[in-house]
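The next block holds one structure in the form of structure tokens; read it before the comments.
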């Protein structure tokens with residue numbers, strides 16, 4: 001009788017960001033509603049951007065709706081944004097973020113194994129979700145700073161996002177919290193081992209296509 005050979009474990013599955021993480025991130029921004037619409041801090045600077053706190057929240061809704069359009073149409077090249085802000089009260093902007101997150105999550109579930117164009121690459125569903133989570137949580141934290149509101153970033157969502165769209169920063173997760181790593185790689189915090197790069201960018205294509213180097217954008221961000 002031949003000996004039974006132990007089954008060798010295969011490679012770990014690539015980290016991914018499920019569509020539901022976008023909705024979870026959007027719900028986290030509900031903490032910003034602590035400040036009423038007439039609070040002057042909504043017009044304060046949401047550093048490091050030049051936007052106000054209110055405009056930062058509006059941008060998140062803009063970005064999520066634009067992402068949803070690109071995903072739903074399986075975009076193969078550049079498109080014009082669907083909207084550039086909406087002149088409504090901050091509470092309505094926060095509601096827009098929640099609604100846009102749900103729309104994008106539904107579009108990502110429908111995307112399946114297909115991909116759609118983004119300036120950072122031909123992104124798959126996990127790449128899109130990771131970029132969307134970054135938009136929500138990073139700009140949400142910018143707004144929270146202007147509003148003097150404590151915003152808790154969901155650790156599990158941050159962990160998956162860093163591993164998927166900022167894989168070069170993943171080693172830092174061994175010694176720092178996921179939210180801190182996400183903020184550091186996007187220039188909002190300082191952590192040993194993570195370069196403060198104003199031209200940070202996402203790796204949105206499948207991880208199998210990553211060349212091992214940090215991604216950098218070729219032009220300034222829209223808010224610069």
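The values are calculated or read from the model by the stated rules, or taken from the named source; none is laboratory data. Just so it is clear, the model here is predicted, and its values are computed rather than measured. All Cβ positions, glycine included, derive from the backbone under ideal geometry; neighbour counts span all protein chains shown.
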Check: Out of all the residues in the range 162-183, is one or more in contact (Cβ under 8 Å) with a residue 60 or more places away in the chain and either in a loop (DSSP other than H, G, I, E, B) or more than 26 Å from residue 116 (Cβ to Cβ) (or both)?
Finding: no
Check: What number goes with the only condition from (1) closer than 25 Å to residue 61 by Cβ; (2) in contact with a helix residue (DSSP H, G or I) (Cβ under 9 Å, 6 or more places away or on another chain); (3) at pLDDT below 95; (4) surrounded by fewer than 19 Cβ atoms within 10 Å (Cβ to Cβ) that residue 224 does not pass?
Finding: (2)
Note to self: Can you go through 148, 142 and tell me which one is crowded, with 17+ Cβ neighbours inside 10 Å and more than 17 Å from residue 22 (Cβ to Cβ)?
What the structure shows: 142
Check: Which one of the conditions (1) under 17 Å from residue 121 (Cβ atoms); (2) not in a helix (DSSP H, G or I) does residue 208 fail to meet, given that it meets all the rest?
Finding: (2)
Checklist line | Wholly enclosed helices (runs of 4 or more DSSP H) of the range 1-115 bearing at least 1 residues at pLDDT 95 or above, over 20 Å from the mean Cα position of the chain (by Cα) and crowded, with 21+ Cβ neighbours inside 10 Å | finding: 90-111
